[in-house]
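The values are calculated or read from the model by the stated rules, or taken from the named source; none is laboratory data. Since the structure is predicted, the reported quantities are computational estimates derived from the model, not experimental observations. Quick reminder, even Gly has a Cβ in these numbers, built from the backbone with ideal geometry, and neighbours come from all protein chains shown. Side chains included, ligands, DNA and RNA excluded: accessible areas come from the protein's heavy atoms. Shrake-Rupley method; radii C 1.70, N 1.55, O 1.52, S 1.80 Å.
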Amino acid sequence: MNKRLLTALAALPLIAAVPVHAQTAGRKAAPDPLAASFRAHVAFLADDTMGGRGIGTPGHEIAANYVAQHFARVGLTPAGDAGRWFQRVSFAESRFASEKETATLDLGSQRLVLENGVSMALSPGNEPGAEEISGEMVFVGYGLQDPSQGIDDFAGLDLRGKYAVVLSGAPDTLNSEVAAHLARNSKPMAAQAAGAIGLITVRTLKEAARLPWEKGVTRARLPRRQLLGPDGKPLGDGTGLKVRAAISDEAAAALFASAPMNFAAVQAAAAKGPVKGFALPGRFTVRRATAVERISSPNVLGLLPGRDPVLKDQIVVISAHLDHVGTKANPKPGEDAIFNGAMDNASGSATLLEAATALAKAPPKRSVLFLATTAEESGLLGADYFSRQPTVDVKRLVADVNIDMPILTCDFGDVVAFGGDRSTLGSVVAAAARAEKLGVSPDPQPEEAVFTRSDHYPFVRQGVPSVFLKTGWTDTRGGMACKDAERTFRLTHYHEVSDQLDLPFDWAAAAKWTRLNIGIIRRIADATAAPRWYEGDYFGTAFAPTAPKAPKITAARR
Ligand SMILES: [Zn+2]
């Protein structure tokens, strides 16, 4: 352990000693031990010495040990590998070994050279070494496949040994969460099943409006993490695809120039709905060199056995990711290079730790599994690994409540329960919110499809009713101060080095947030009936076809 870490651990009692009530924004409040304890967790986990809790780094390992020792302190049972606190997750971290990666688009007499990070965003390979991967191309529309929705964009197209060229996202004709789900999973799976060698994404007008190409392409040369199974083989969807790339609109326009529809016509049609696919002229050839390193990082798991002789067999999961994005590559001298991740997600982790403290004092009827995931920032990989390699029987899991980046710089008056309208969990959240004088609001940004973007999502895909809780936009005075707070955080501090302890945290609001989550878990774990998906809900039907369903209160989302 290096010196700096030692000093950090030595400083621990000091950090916890800061009087919290003096910190509560503008309100004289009696010292609140919950707020003080919450702050202490955030102060430790988001301290510079944690180095931004990047996976595979000492900082994340120490943070994971901090969580494990807290679980031990409050009397939980280890629920990781072989009776330990940790479930070790392995990854293949691939990064480019070349200075420059290119692809050529050979279109008859014209040859276009695309450079990675400029006119193309290419991911590193799965295998180490230099590669040249060449193939013809077939346009597949949005590239979605879901028989339950009567969708198969691959029908009638021959993709064997070719590149599938797909539109980004999914048509607006689909429910935004179903669309996000299909866009995230079905494309790589369907392309691989059709025999394609790779996936090339071209942008819709909507995507072009959402994110400037120059901003998106900056992530092109970041390392890629691939989940590995216990057998060391890649684990996940579409892992057999050799190439994943996105190309700029200019490159796409050249590619479609002599196709049955030019790119402008394709984008115009895509704005209305699904687009039928067709073969494309020319060849696409990628040249790159990859280095692959094997790294590992732990999920941390503690179980609180239920007190009811029957219901204790059922498990309620509370999850929050502990990892963050680490440090800046090549910082300038003296520059703050640490992504402390105080809000994302030291705050969610603190909620999980305080829920463990409170629930362990009076265990509910059902068992509760506390899961501090790793590698959420790399694509929900820790939660995905647990859901595919659970350390407890997945049939015992009756719900997941996920916590990720609550915005605690505002005294919020409502919450949003993503997924709450898909199962009976929504009414549980509403009851717990009422107890804290909070409202529950509908998803203010359905187009963002937040439901598929955090660690509860792998549980959904295992058929477990799940809810992802976020602080809302209204404040306790009925104003919209929290909308501004969320916007300020998202635009200024999200995944920036400034997401740290000196943000204007409202620790009393953090305590209220924690009490709310404890209330939700306790209500689920003590309820007579386990949560149920609503009849006809897309995710319940797709991933829990035989599970008993609950009649839906309103028909809004059928
Ligand atoms: Zn997060």
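The figures follow:
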quantity: Signed unit charges on C-beta, dipole axis of the range 285-381, positive-most listed residue Ala289, Pro309, Thr373; calculated: Pro309
quantity: The chain - percent of accessible surface contributed by carbon and sulfur, probe 1.4 Å; calculated: 55 percent
quantity: Hydrodynamic radius (Kirkwood) for the range 94-293, which is based on Cα pairs only, to one decimal in Å; calculated: 17.1 Å
quantity: Å² of accessible area per residue within the range 495-558, as computed with a 1.4 Å probe and no ligands counted; calculated: 45 Å²
quantity: Cα principal axis extents for the range 64-207, largest first, Å; calculated: 70, 43, 28
quantity: Positive-end extreme of charge dipole, the chain - chosen from Thr327, Ala191, Pro147 (charges on Cβ); calculated: Pro147
quantity: Net charge contributed by nearby residues that have their C-beta within less than 14 Å of Ala291 (K/R +1, D/E -1); calculated: 0
quantity: Helix axis angle, 507-526 relative to the chain longest principal axis, alpha carbon, degrees; calculated: 90 degrees
quantity: Reciprocal mean inverse distance between Cα atoms of the range 91-154 - Kirkwood radius, Å; calculated: 14.9 Å
quantity: DSSP beta bridges in the chain [antiparallel fraction, %, rounded to 5]; calculated: 65 percent
quantity: Positive-end residue of Phe44, Gly439, Pro212, charge dipole of the chain with Cβ unit charges; calculated: Gly439
quantity: Accessible area per residue in Å² at 1.4 Å probe, computed on the range 108-212; calculated: 42 Å²
quantity: Ranked packing of 425-435, 492-502, 209-219, 381-391, most packed first, by mean Cβ within 10 Å; calculated: 381-391, 425-435, 492-502, 209-219
quantity: As computed over the chain, the Cα convex hull volume per residue (Å³); calculated: 155 Å³
quantity: Debye, to nearest 20: dipole size of the chain, +1 on Lys, Arg Cβ, -1 on Asp, Glu Cβ; calculated: 900 debye
quantity: Along each principal axis, Cα extent of the range 246-367, largest first, Å; calculated: 69, 50, 28
quantity: Highest-first arrangement of 77-84, 243-250, 373-380, where packing means the average Cβ count within 10 Å; calculated: 373-380, 243-250, 77-84
quantity: Between helix 33-45 and the chain: long-axis angle, C-alpha atoms, 0 to 90°, nearest 10; calculated: 40 degrees
quantity: Rounded to 5, percent antiparallel among DSSP beta bridges of the range 94-293; calculated: 70 percent
quantity: Angle in degrees between helix 58-73 and the longest Cα principal axis of the chain, rounded to the nearest 10; calculated: 40 degrees
quantity: Estimated inter-spin distance, Val113 and Ser98, nm [label 7 Å along Cα→Cβ]; calculated: 1.1 nm
quantity: Relative contact order of the chain, pairs being alpha-carbon contacts under 8 Å that are 6 or more residues apart, as %; calculated: 19 percent
quantity: Dipole magnitude of the range 94-293 about its Cα centre (Cβ charges: Lys, Arg +1; Asp, Glu -1), debye to nearest 20; calculated: 240 debye
